[in-house]
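Notes follow once the structure below has been shown.
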Amino acid sequence: MPLTALIGARVFTGDRFLDGHAVLLDGDAIAGVAPLADLPAELPREALAGGVLAPGFIDVQVNGGGGVLFNASPDAASLGRLAVAHARHGSTALLPTFITDRPEHMQKAITAAQAAIAAQSPGIVGLHLEGPFLSLARKGAHDPALIRQITDADVDLILGIGITPLLLTVAPENASPRLIRRLAEGGVIVSLGHSDASYEVAMAAAEAGARGVTHLFNAMSQFQHRAPGMVGAALDHGGLWGGIIADGHHVHPVALATALRAKRGPARLFLITDAMPLAGDPRDVFELNGRTVTRRAGALTLEDGTLAGSDLTMDAAVAFAVRHLGVPFDEALRMASVYPAEFLRLPRRGRIVPGYHADLVHLDDTLAAQKVWIAGRAG
């Protein structure tokens, strides 16, 4: 494939904006970023109609999209359809997320993810297992009958999956520091979520090797003045990263904006969708483990009003962060690319620099995704 120059859009490298520059693609990799004046006259070019060319978005938590629910269709073909639906909105890499289910179904999901990754299915870069090692008190939309404590045998199984990155959400009430340490030392990225743990218990889990928290504020012990809870631990511990669902339904914008200001680094907060099948799909109803989920005014809920994921897309999350959270545009783009790549330890992703994967998104002036490139191929 010949060297190609993408021109006509402002370039965001992950560090800064560049005007009057082209992004050079060499097959599946980024060859460089160069001033337009330096381009050879014979170099093939693709002209973009203004807007911004940015690193492709990386979504850490995707339950479904385009009518596909991973739990209901745990196979490689369904993962491919799910990834295509989210690529239309700028996601060039994602972790399909399998929530609490029966062991045999979880094994099917693991096999499906292994097959999709082995086949280099565009956009599928890992696996997120959200449960079943959660807290009944903070179960959210997870089936309480299937929630349980993690065992050494479970850890052995998880360490043998062979997927990198592999993200596992656990509640520290049902996952001891010893087992969290085993998982982390074995290369699993442990995230704390669906938990009623105290600040002290959450901090102990972080010290044992937990790396993040799953959808900050949602389904976890809240920040109180004498009991900071898991929210307090997530903001206070410099090593805990955190995904946020910026859709106006899951968390009040003031709470998210306050958390962004309060987060102790070097770890950061980043954007996720927690998307369900209705993301990118016109229908308003789907089934989740035998229960009906309905979309009303943009929120997805069970019959009792419990939130059950979202219909959010990553380009919409970036736009929400800019318009409603007061996040500068460059920082919102980092929250959708640079930071999730760093959290997942994904090599050569999240920036537009030489040698990185040619995973890009073109946004128009409304911040809607117009086109993506995954491994240099336009989608």
* Structure fact -> When (1) open to solvent by less than 50 Å² (accessible area, probe 1.4 Å); (2) over 20 Å from ILE58 (Cα atoms) are applied to LEU95, the one that fails is (2)
* Search the stretch 346-363 for residues being β-branched (Val, Ile, Thr) and within 21 Å of HIS86 (Cα to Cα), and hand back the single one that is surrounded by the fewest Cβ atoms within 10 Å (Cβ to Cβ). => ILE352
* Asked: Restricting the first residue to the stretch 243-271 and requiring it to be farther than 20 Å from VAL60 by Cβ, which pairs with a second residue that is open to solvent by 60 Å² or more (accessible area, probe 1.4 Å) and in a loop (DSSP other than H, G, I, E, B) meet a Cβ separation below 6 Å and a spacing of at least six or different chains?
  -> ALA257/GLY326
* Structure fact -> LEU278 vs (1) touching an Asp or Glu at 6+ places or on another chain (Cβ under 8 Å); (2) of a type outside the set (D, E, K, R); (3) open to solvent by 10 Å² or more (accessible area, probe 1.4 Å): all pass except (3)
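So which residues in the stretch 206-240 are open to solvent by 20 Å² or more (accessible area, probe 1.4 Å) and touching a residue at least 40 places away in the same chain (Cβ under 8 Å), if there are any at all? Quick ask: steps written out before the conclusion?
So the first thing to find is which residues in the stretch 206-240 are open to solvent by 20 Å² or more (accessible area, probe 1.4 Å), and the list is 207, 209, 211, 217-219, 222-228, 235-237, 239.
ARG211, PHE217, ASN218, ALA219 - these are the residues of the stretch 206-240 that are open to solvent by 20 Å² or more (accessible area, probe 1.4 Å) and touching a residue at least 40 places away in the same chain (Cβ under 8 Å).
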* Structure fact -> For LEU300, the lone unmet condition from (1) under 25 Å from SER191 (Cα atoms); (2) among the hydrophobic types (A, V, I, L, M, F, W, C); (3) touching a Leu at 6+ places or on another chain (Cβ under 6 Å); (4) part of a strand (DSSP E or B) is (3)
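Kindly check whether there is at least one residue in the stretch 116-130 that is farther than 30 Å from GLN370 by Cα and buried (at least 21 other Cβ atoms within 10 Å of the Cβ). Break it down into steps so the answer makes sense when it comes.
First, the residues of the stretch 116-130 that are farther than 30 Å from GLN370 by Cα: 129-130.
The next check asks that each one be buried (at least 21 other Cβ atoms within 10 Å of the Cβ); those that pass are 129-130.
Within the stretch 116-130, one or more residues are farther than 30 Å from GLN370 by Cα and buried (at least 21 other Cβ atoms within 10 Å of the Cβ).
Restricting the stretch 68-92 to residues that are assigned to a loop (DSSP other than H, G, I, E, B) and under 21 Å from LYS371 (Cα atoms), which is most open to solvent (accessible area, probe 1.4 Å)? First the steps, then the outcome.
Start the filter on the stretch 68-92 by keeping residues that are assigned to a loop (DSSP other than H, G, I, E, B), which leaves 70-75, 88-90.
Keeping just the survivors that are under 21 Å from LYS371 (Cα atoms) gives 88-90.
Numbers: ARG88: 153, HIS89: 54, GLY90: 0 Å².
The residue in question is ARG88.
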* **Selected residue (criterion: modelled with the lowest pLDDT) from residues of the stretch 1-44 that are part of a loop (DSSP other than H, G, I, E, B) and among the small types (Gly, Ala, Ser)** => ALA41
* Taking the condition touching a strand residue (DSSP E or B) at 6+ places or on another chain (Cβ under 8 Å) and outside any loop (DSSP other than H, G, I, E, B), does THR111 pass? -> no
* Asked: (1) aromatic (Phe, Trp, Tyr); (2) out of contact with any Lys or Arg (no Cβ under 9 Å at 6 or more places or on another chain); (3) open to solvent by less than 40 Å² (accessible area, probe 1.4 Å): which one isn't true of PHE343, the others all being true?
  -> (2)
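Output the residues belonging to the stretch 154-166 that are over 12 Å from ALA184 (Cβ atoms) and not in a helix (DSSP H, G or I). Lay out the reasoning, then the answer.
Applying the first criterion (over 12 Å from ALA184 (Cβ atoms)) to the stretch 154-166 yields 154, 156-157, 160-165.
GLY160, ILE161, GLY162, ILE163, THR164, PRO165, listed by residue number.
In the stretch 229-248, what residues are in a loop (DSSP other than H, G, I, E, B), on the phi < 0 side of the Ramachandran plot and either modelled with pLDDT under 95 or touching a helix residue (DSSP H, G or I) at 6+ places or on another chain (Cβ under 7 Å) (or both)? Before you say what the answer is, go through the steps one by one.
Step one: filter the stretch 229-248 for residues in a loop (DSSP other than H, G, I, E, B), giving 237-240, 246-248.
This time we only want the ones that are on the phi < 0 side of the Ramachandran plot, so: 237-240, 246-247.
HIS237, GLY239, LEU240, ALA246, ASP247 - these are the residues of the stretch 229-248 that are in a loop (DSSP other than H, G, I, E, B), on the phi < 0 side of the Ramachandran plot and either modelled with pLDDT under 95 or touching a helix residue (DSSP H, G or I) at 6+ places or on another chain (Cβ under 7 Å) (or both).
So, in the stretch 2-37, exactly how many residues are open to solvent by 30 Å² or more (accessible area, probe 1.4 Å) and free of Cβ contacts under 8 Å to residues at least 24 places away in the same chain? Please lay out each step first, then the result.
Taking the stretch 2-37 as the starting set, the residues that turn out to be open to solvent by 30 Å² or more (accessible area, probe 1.4 Å) are 2-4, 7-8, 10, 15-17, 19-21, 26, 28, 31, 33, 35-37.
With free of Cβ contacts under 8 Å to residues at least 24 places away in the same chain added as a condition, the list becomes 19-21, 35, 37.
Count: 5.
What residue, of ARG148, ARG178, ARG138, is charged (D, E, K, R), in contact (Cβ under 8 Å) with a residue 60 or more places away in the chain and at negative phi?
Numbers: ARG148 fails: in contact (Cβ under 8 Å) with a residue 60 or more places away in the chain; ARG178 fails: in contact (Cβ under 8 Å) with a residue 60 or more places away in the chain.
Going through ARG148, ARG178, ARG138 in turn, the sole match is ARG138.
For the stretch 256-272, which positions are assigned to a helix (DSSP H, G or I) and either open to solvent by less than 30 Å² (accessible area, probe 1.4 Å) or modelled with pLDDT under 95 (or both)?
Initial filter on the stretch 256-272 (assigned to a helix (DSSP H, G or I)): 256-262.
Scanning the stretch 256-272 gives LEU256, ALA257, ALA259.
The values are calculated or read from the model by the stated rules, or taken from the named source; none is laboratory data. Because the structure is a prediction, the values reported are computed rather than measured. Note that each Cβ is placed from the backbone with ideal geometry, even for glycine, and that neighbours are counted across all protein chains shown. Note: areas computed on protein heavy atoms with side chains; ligands, DNA, RNA excluded. Shrake-Rupley method; radii C 1.70, N 1.55, O 1.52, S 1.80 Å.
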